Amino acid sequence: MEKVAFITGINGQDGSYLAEHLLEKNYTVVGLERRTVCESADKMKNISHINGSERLVIEQGDVTDLSSLQRIVDEYRPQEIYNLAAQSHVGVSFRTPLSTTEINLNGCLNLLETIRLVDPKIKFYQASTSEMFGDNIKCPQNENTYFSPVSPYACAKLASHHLVGTYRKSYGIFACSGILFNHESPRRGENFVTRKITKAAARIKMGLQDELRLGNLEAQRDWGFAGDYVRAMHMMLQHSEADDYVVATGETNSVQDFLQYVFDFRLKHYQNWL
């Protein structure tokens, strides 16, 4: 039987890599596109290279609109749903706590309710985050580490994380949360520190920028590659039992380390071009 997967947030970094991965595994992929008042010409650029696939379907909808989710799931009857739609920037969540919570919490709840009402056999993946650990500095952190969120983004994600566990226990739904640490790629949004640094390095080399200003250079991060992490998402839903999983490299580096590596790389290659 042909497998069908429904991905919310398909045009984001993770959604695009996951769509690629599932298409390679001969899934039919249904992606959710949220129509906005001010449409961006490049909002679909992350999936432009696969947009012509006959097994990729893009549907209009919104995770905050239960009826649109129920319509799509009822029509395509996916075996797997991956909820990657989110307001994903921590800093922005302090400026827009209500909309962040509506998207990140109610979006998850609407999908869980859709599964419960339309087809309880659907497997569900929720994108949780290491930000839920917050100011708990115990290392290493794992699935049993105490959560202590410190932003509206992390609070909304933690509430969704607990909802996943509740629907798993109370309704018997196969629901998993992936507690992912930082994962990067060229498709990462340019408001995240890794892309700020790489973009600035390129602009400085081209004479378009003179300096780069950053915050705490000593901050430590566990950085992985998004293309690897989406494979972990898929693997979670192939298990015989649902559970929650931390996904990380196990290695941390400072922002200073990342900054040094990028500018050393830029300098080395610039010298090679001379």
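Laboratory data are not the source of any read-out in this text; all were calculated from the coordinates shown. None of these values were measured; they are calculated from a predicted model. For neighbour counting, all protein chains shown are included, and Cβ atoms are generated from backbone atoms with ideal geometry for every residue, glycine included.
Take the Cα of Ser67, step 7 Å toward its Cβ, do the same at Glu102, and the gap between the two points is 1.6 nm. Projecting the Cα atoms of Leu259, Tyr229, Phe181 onto the dipole axis of segment 135-274, where Lys and Arg carry +1 and Asp and Glu carry -1 at the beta carbon, places Leu259 farthest toward the positive end. Mind telling me which of Asn51, Asn191, Asn11 comes out most flexible in a GNM of the chain, alpha-carbon contacts under 10 Å? Top of the fluctuation ranking is Asn191. Charges were assigned to the Cβ only: +1 to each Lys and Arg, -1 to each Asp and Glu. The resulting dipole of the chain about its Cα centre is roughly 380 debye. Going Cα to Cα from Lys169, which lysines come in below 22 Å? Please leave out same-chain ones fewer than 8 positions away. Cross-link targets: Lys121, Lys123, Lys157. Under 5 Å between amide hydrogens, built in the peptide plane, is the criterion, and for Phe6 it picks out Val30, Glu80, Ile81, Tyr82 among residues at least 5 positions away or on other chains. With springs only between Cα atoms under 10 Å, which of Leu180, Leu112, Leu212 fluctuates most in a Gaussian network model of the chain? Ranking Leu180, Leu112, Leu212 by mean-square fluctuation puts Leu212 first. Shown is the FRET efficiency for Phe192 and Leu117, computed with R0 = 35 Å from the Cβ-Cβ distance and rounded to the nearest 0.05: 0.45.
Free of any GluC sites (Glu not before Pro) that DSSP assigns to a loop and that have at most 13 other C-beta atoms within 10 Å, the longest stretch within the chain is 55-142.
Dividing the summed -39500 (n - 2.57) terms of all DSSP H runs of n ≥ 4 by the residue count of the chain sets its mean residue ellipticity at 222 nm at -12500 deg cm²/dmol. Per residue, the convex hull spanned by the Cα atoms of segment 147-258 measures out at 126 cubic angstrom. Within straight-line reach of Lys196, meaning a Cα separation under 15 Å, sit the following aspartates and glutamates at least 8 residues removed in sequence or on another chain: Glu184, Asp210, Glu211, Asp257.
Between Met44 and Tyr171, the contour length at 0.36 nm per residue exceeds the Cα-Cα span by 42.2 nm.
Relative to its residue count, the chain spans a Cα convex hull of 153 Å³ per residue.
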